[in-house]
Structures are given as structure tokens and as C-alpha cells.
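See structure below.
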Amino acid sequence: MPVDKSQFRTALSRFASGVTVVTTADADARPLGLTVSAFSSLSLEPPLVLVCIDRSAYIHAALQASGSFVVNVLSTEQEHLSRLFASREPDKFTGVGYQPGNTGAPVLVDALAALECRLKAAYEGGDHTIFVGEVEHTHVREDAHPLLYYRGGYANLEK
């Protein structure tokens with residue numbers, strides 16, 4: 001018998017994760033984005049990553065249709081972006097610095113890292129879809145620290 005939702009959520013909150021904003025563009029080239037902690041590298045050869053998106057999320061269909069997305073890894077200075085892209089704010093990109101990447105999906109200015117991906121596969125995973133992307137371009141900052149999420153709150157890592 002599976003563990004209940006509350007117990008599962010509590011146990012998972014003990015896993016510190018980086019914070020990302022996954023972005024894509026809809027059919028009208030409007031930018032869309034969502035805060036995502038379910039992100040992982042998958043393969044070095046070829047370079048693959050995966051993100052898990054709730055099927056009810058407003059960007060789900062657009063990501064699937066566009067065939068491309070960007071995983072923007074947030075820095076400690078970007079906690080406000082994590083909160084914004086996790087909100088129900090209808091136009092999340094107002095006042096947010098970004099530029100269209102090589103795939104057309106938005107790359108957030110000053111992200112700690114950005115991985116521009118072409119959608120390679122999608123798999124059902126409970127109430128989520130597991131999107132696998134092949135990384136075509138990367139952008140990396142050397143002068144910042146990662147934003148972390150742990151036990152329902154934000155933390156940072158100082159080196």
C-alpha cells in the first residue's frame with residue numbers, strides 16, 4: 001500500500017534541490033515559465049536532462065507543442081523569480097529580463113546556468129509528464145551561488 005500524500009511530501013522535503021524555472025514559448029511566441037524543482041541530468045552522451053511537469057500546469061501543452069524548452073537554474077539573487085514563476089500571476093514575464101534562446105524558448109538574464117533543450121521524449125509519470133530534452137546550448141555564470149529549496153523554504157550555499 002502506498003504512503004499517503006502528506007507523508008510522501010514530508011519525506012521529499014528533506015531532499016535539498018536546486019531551483020529552476022522551465023521556460024518555453026507558445027504558438028504565438030509568447031514566453032511561458034514555471035518554477036520546477038523536479039529536474040535532473042539524465043545522460044552525458046548524448047547530453048540529456050529531464051523535467052517533470054504537472055499535466056494540469058498551464059505550460060504543459062505549450063511545452064509539448066513547441067518541442068523546446070530551457071531549464072534556467074536560479075542563483076541566490078533570483079529567489080523573487082522562483083516565487084513569481086510559482087505564482088498564478090497571469091503575465092510572469094512583465095519586468096523580467098530574458099532573451100529568446102537559439103530554440104526560441106526564453107533564457108532568463110543572470111540565471112546561474114541555462115540549458116536550451118529540444119524535446120526528445122515524453123513519458124507519463126502519475127499526475128506529471130516526464131519531458132526529456134537534448135541539450136543544444138548552455139549558458140553558465142561563474143560569479144554567483146545556487147538557490148536551494150529545502151523543507152518548504154529557500155536556502156543558499158556559500159563556497
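Derivation of every value follows stated rules applied to the coordinates shown; laboratory data play no part. Everything numeric in this text was worked out from a predicted model, so none of it was measured. Positions of Cβ are backbone-derived with ideal geometry, glycine not excepted, and every protein chain shown enters the neighbour counts.
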- Item | Cα gyration tensor shape of the range 58-118, rounded if a/c is under 1.5, else prolate or oblate by comparing a/b with b/c | oblate
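Under a point-charge model restricted to the Cβ atoms of Lys and Arg (+1) and Asp and Glu (-1), what is the dipole moment magnitude of the range 27-125 relative to its Cα centre, in debye to the nearest 20? Don't skip to the answer; put the middle values down first.
Values: 7 positive and 10 negative charges, 42 e Å.
I would put it at about 200 debye.
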- Note on the structure: The answer for residue 55, listing residues at least 5 apart or on another chain whose modeled amide H is closer than 5 Å to its amide H, is 128, 129
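Could you tell me whether the chain comes out rounded, prolate or oblate from its Cα gyration tensor? Rule is a ≥ b ≥ c as square roots of the eigenvalues, rounded for a/c under 1.5, then prolate if a/b exceeds b/c, otherwise oblate.
Values: a/c = 1.36, a/b = 1.12, b/c = 1.22.
Cα axes put the chain in the rounded bin.
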- Karplus couplings for the range 50-60 from phi (6.51 cos²θ - 1.76 cosθ + 1.60, θ = phi - 60°), rounded to Hz, Gly and Pro as x? 9, 10, 10, 10, 4, 5, 8, 5, 5, 8, 3
- Message: At 7 Å along Cα-to-Cβ for each site, give me the label-to-label distance between residue 65 and residue 120 in nm.
- Response: 2.6
- Charge tally in the Cβ shell below 13 Å around residue 124, where Lys, Arg are +1 and Asp, Glu are -1, residue 124 excluded: -1
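For the range 1-47, state which trypsin sites (Lys or Arg not before Pro) are in a DSSP loop and have at most 14 other beta carbons lying within 10 Å of their beta carbon. Walk me through the intermediate numbers first.
Numbers: sites: 5, 9, 14; in loops: 14.
Answer by residue number: 14.
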- Message: Under the rule of at least 5 residues apart or a separate chain, name every residue whose amide H is placed under 5 Å from the amide H of residue 36.
- Response: 20, 21, 22
- Rounded to the nearest 0.05, what FRET efficiency is calculated for residue 83 and residue 29 with R0 set to 30 Å and r the Cβ-Cβ distance? 0.75
